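These notes concern the structure reproduced below.
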Amino acid sequence: MANSNKNGIASTNISALHCIDLSSPGIHTSVSLLKQACLDSGFFYVVNHEISQEFMDEVFAQSKKLFALPLEEKMKLLRNEKHRGYTPVLDEHLDAVNQINGDYKEGYYIGVEALEDGPDAQRPFYGSNVWPTAGTLPGWRETMEKYHQEALEVAKAVSRLIALALDLDVDFFDRPEFLGKPIATLRLLHYEGKLSDPTTGIFGAGAHTDYGLITLLATDDVCGLQICKDKDAKPQIWEYVPPLKGAFVVNLGDMLERWSNGIFRSTLHRVLGNGQERYSIAYFVEPSHDCLVECLVTCQSKDNPLRYPPIKCETYLLQRYKDTHVDLCSYK
C-alpha cells in the first residue's frame, strides 16, 4: 500500500499499462485490450503505428532546435488568439488549486492550417500557423507539417478501435462532424529541468485532464508523466508512466468521457520534473467546432443514466483554454 504525505498525496508507483499493437491482425483482441485500458485507467501504449523511429527522432531534433533559440527570438513567435505559436514558461496554469504559479514548461502550438481568406478563417481553432523563418530553422515547418498529418492517421486508427469498444460502427468517428474535419493540435513541450515539489506547489505540468477525444504523446527517455486513476480517492495515488521507445502513450479526453457517459474515463495526469531536461510531443485530437458532444446511444441505460448535458466542442474548448492560459494582454 502506498504511503501518503502531509498533503494527502500518496507516494508513487509505476503504472503497468496495456499495449495495443496497431499492426495486429487480431482485431478482437486489440479491441478487448483497449476497452479494458479505457475502463481501468484511460491510458495505454500504442505500438507499430507506422511512423518510423527515424522520423520521430527528426521531429524531436527539430523541436530541440526551436527551444534552443534565445528567448527574445521565441517571443517573436508568441502564441496568437488562435492558440498557435510559442508559450513561455509559466504561461499555462493547469491546477489552480495546488500550484503556486504556472507550469514549468515551454511549448509550441501547431494546428490545422487554414487559409486566412478561406471559409474557416474565423473559427477559433482554425487559421494560419505561426512559423519560424526558413532561415532561422531550415526544414522545420516541413517536418512539423508532415508529422501533423501522420499523427492524425494514427489517431484515426485508434479512434476506430475505440468505436468498436463502444459497440459503434468502426467508422463512427470518421464522419465529417468528428474527425472528418477535426481540431487537431500538435504541441511541442520542453521541461527545462526545474525540480518539482508537490508539497510546495511546484510542477512541470499541474494535474489536469485533456479536453478532447484522445491525445497521442511521444516522449524522450526521461520519466516525468504521472497518472491518478481515481481522482476522488483520499489520498490520491499517483503512478509514473514509464517511457516506451517507439510507442505513443495514448490517453482519453473529456469529450470521450462525455460521449461514453462516464464509462470511459478522462484521467487526471501531471508532470513532475526531476532536475533533468525533458522533451515530449503531444497531439491533441478534438472533433469539429460545431460537433455536439452528447451521450452515445450505446452508453445510456437505467443503470447508467445521463451524466452530462450536451455541449458544442468549440464552446468547451474555448472555456478550457481561457481557464488555463495567461491572457495575451499581459505580454504587451
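The values are calculated or read from the model by the stated rules, or taken from the named source; none is laboratory data. Only a predicted model underlies this, so the values are computations on that prediction, with no experimental measurement involved. FYI the Cβ positions are ideal-geometry reconstructions off the backbone, even for glycines, and counts take in every protein chain you see. Surface areas here come from the heavy atoms of the whole protein model, side chains and all, with no ligands, DNA or RNA. Shrake-Rupley method; radii C 1.70, N 1.55, O 1.52, S 1.80 Å.
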Mind checking whether some residue in segment 191-207 is touching a helix residue (DSSP H, G or I) at 6+ places or on another chain (Cβ under 8 Å) and not hydroxyl-bearing (Ser, Thr, Tyr)? no
Quick one: would you say LEU195 is over 16 Å from the mean Cα position of the chain (by Cα) and open to solvent by 70 Å² or more (accessible area, probe 1.4 Å)? yes
Among the numbered criteria (1) within 27 Å of ARG84 (Cα to Cα); (2) in contact with a Ser or Thr (Cβ under 9 Å, 6 or more places away or on another chain); (3) among the hydrophobic types (A, V, I, L, M, F, W, C), which one does ILE311 miss? (2)
On the given criteria, is THR219 touching a helix residue (DSSP H, G or I) at 6+ places or on another chain (Cβ under 6 Å), open to solvent by 10 Å² or more (accessible area, probe 1.4 Å), of a type in the set (Ser, Thr, Tyr) and closer than 28 Å to HIS83 by Cβ? no
Which condition from (1) touching a helix residue (DSSP H, G or I) at 6+ places or on another chain (Cβ under 8 Å); (2) of a type in the set (Val, Ile, Thr); (3) within 20 Å of CYS329 (Cα to Cα) is the one that VAL59 breaks? (3)
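Of all strands (runs of 3 or more DSSP E) completely enclosed by segment 236-332, which ones contain at least 2 residues that are surrounded by 23 or more Cβ atoms within 10 Å (Cβ to Cβ)?
248-252, 268-271, 278-286
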Taking first residues from segment 236-254 that are under 22 Å from ASN98 (Cα atoms) and second residues anywhere that are surrounded by 20 or more Cβ atoms within 10 Å (Cβ to Cβ) and among the acidic types (Asp, Glu), the pairs with Cβ under 8 Å that are 6 or more apart or on different chains are GLY253/ASP210; GLY253/GLU286; ASP254/ASP210
Quick one: which strands (runs of 3 or more DSSP E) sit completely within segment 39-120 and have at least 2 residues that are free of Cβ contacts under 8 Å to residues at least 60 places away in the same chain and among the small types (Gly, Ala, Ser)? none
Specify which of the listed residues (GLU142, GLU150, GLU116, GLU106) is over 20 Å from the mean Cα position of the chain (by Cα), modelled with pLDDT of 95 or more and charged (D, E, K, R). GLU142
